[in-house]
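The values are calculated or read from the model by the stated rules, or taken from the named source; none is laboratory data. Everything numeric in this text was worked out from a predicted model, so none of it was measured. A quick note on method: Cβ atoms are made from the backbone with ideal geometry, for glycine too, and the neighbour counts reach across all protein chains shown.
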Amino acid sequence: SPPPQSPWLESLPNMAAICAARQIGATGAVLAPMAACATGIWALAQGFELIQTGQCQRAIAGAVETPITPLTLAGFQQMGALAQTGGYPFDKQRGGLVLGEGGAVFVLETAELARKRGAKVYGEVLGFGLTADAFHANAPEVGGKSGIYAVKQCLERSNLSAIDIDYIHAHGTGTVLNDRNEAQLIKYLFRQKVAVSSTKGATGHTLGASGVLGVAFSLLGLRDRILPPCVGLRESEFDLNLVRVARQSEIENLLCFSFGFGGQNAAIALGKI
């Protein structure tokens, strides 16, 4: 029998992935990326790459975060990043983020394997972009050139251009700096009429899990032809086509963004099947 396990091992950041692998008997690569708030999209990108390069035919990828603890709350409070009332992404009166907890997990596989087993397919991963600012521990790079490059990289790998994008699920944390920089990025790269929203007004900011939650909402939007709204948005500070209430819309291609502390920039493109 295996030796008894030390309790501190369970606290290691890769142990959740290891435990999941043990539960299902998965003996392939077990990866546990950490990229702050960009972690979820990074995990999906790694799963996608394993399949695209032929290393795997199927991968389970996702992220989970339970950050509502005294230590985490105190840290964000010290930074002045917490909202006093609620999280209102892109609103003129936004005052910071509201922490949330959650997660999402996806089965990624080749189209051939999905067809063979009659899988219910929600959408297709088309490509991704990952960059780092190399600028500051918790502030985005002035001008956002690395974030812009991550999105351009994602579009190029997906064989898409900016005009092909029907919807953007923004990172949209509700902080002054993030929303301003992200709005500038979107205005720089995309036509004004592209629909934009952040669901963090409804879920709170789930940090490392926020990217996969955004992907989950976006895939359901693809399936049901509905754009998810910016809950709590009253008066926008930015000249963007922000989704204020859920509305019907045909979506073919969309992007999900995540921007994490340390200047971690992530974008993933999804398409309708």
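Data overview
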item: Options Gln52, Gln23: the member that is under 21 Å from the mean Cα position of the chain (by Cα) and free of Cβ contacts under 8 Å to residues at least 12 places away in the same chain; result: Gln52
item: Number of the exception - Val245 against (1) without any contact (Cβ under 8 Å) to a residue 24 or more places away in the chain; (2) in contact with a Lys or Arg (Cβ under 6 Å, 6 or more places away or on another chain); result: (2)
item: Cβ pairs under 8 Å, 6+ apart, first in segment 92-107 and under 15 Å from Thr175 (Cα atoms) and touching a residue at least 60 places away in the same chain (Cβ under 8 Å), second small (Gly, Ala, Ser) and assigned to a strand (DSSP E or B); result: Lys92/Ser236
item: Residue among Phe128, Phe76 that alone is aromatic (Phe, Trp, Tyr) and in a strand (DSSP E or B); result: Phe128
item: Verdict on Ser258 being within 18 Å of Gly62 (Cβ to Cβ), touching a residue at least 40 places away in the same chain (Cβ under 8 Å), out of contact with any helix residue (DSSP H, G or I) (no Cβ under 9 Å at 6 or more places or on another chain) and polar (S, T, N, Q); result: no
item: Selection status of Ala17, aliphatic (A, V, I, L, M), touching a residue at least 12 places away in the same chain (Cβ under 8 Å) and in a loop (DSSP other than H, G, I, E, B); result: no
item: Identity of the residue in segment 92-105, surrounded by 20 or more Cβ atoms within 10 Å (Cβ to Cβ) and under 20 Å from the mean Cα position of the chain (by Cα), that ends up nearest to Glu49 (Cα to Cα); result: Ala104
item: Which numbered condition Gly28 fails, given (1) free of Cβ contacts under 8 Å to residues at least 40 places away in the same chain; (2) closer than 30 Å to Ser146 by Cβ; result: (2)
item: Helices (runs of 4 or more DSSP H) within segment 170-273 that include 1 or more residues in contact with a Pro (Cβ under 8 Å, 6 or more places away or on another chain) and more than 17 Å from Gly100 (Cα to Cα); result: 176-189, 210-224
item: Single match in Gly204, Gly260, Gly208 (criterion: at pLDDT below 95 and either touching a Cys at 6+ places or on another chain (Cβ under 7 Å) or not aromatic (Phe, Trp, Tyr) (or both)); result: Gly260
item: Total residues in segment 149-162, condition in a helix (DSSP H, G or I) and in contact with a strand residue (DSSP E or B) (Cβ under 9 Å, 6 or more places away or on another chain); result: 9
item: Residue identified as touching a Ser or Thr at 6+ places or on another chain (Cβ under 6 Å), in contact (Cβ under 8 Å) with a residue 12 or more places away in the chain and among the β-branched types (Val, Ile, Thr) among Ile60, Ile68, Ile41; result: Ile41
item: Unique match (being of a type in the set (Val, Ile, Thr) and surrounded by fewer than 17 Cβ atoms within 10 Å (Cβ to Cβ)) among Thr39, Thr131, Thr53; result: Thr53
item: Filter pass, Val121 being outside any strand (DSSP E or B), in contact (Cβ under 8 Å) with a residue 60 or more places away in the chain and among the hydrophobic types (A, V, I, L, M, F, W, C); result: yes
item: Residue in segment 98-106 that is small (Gly, Ala, Ser), assigned to a loop (DSSP other than H, G, I, E, B), closer than 26 Å to Pro13 by Cα and at pLDDT 95 or above present; result: yes
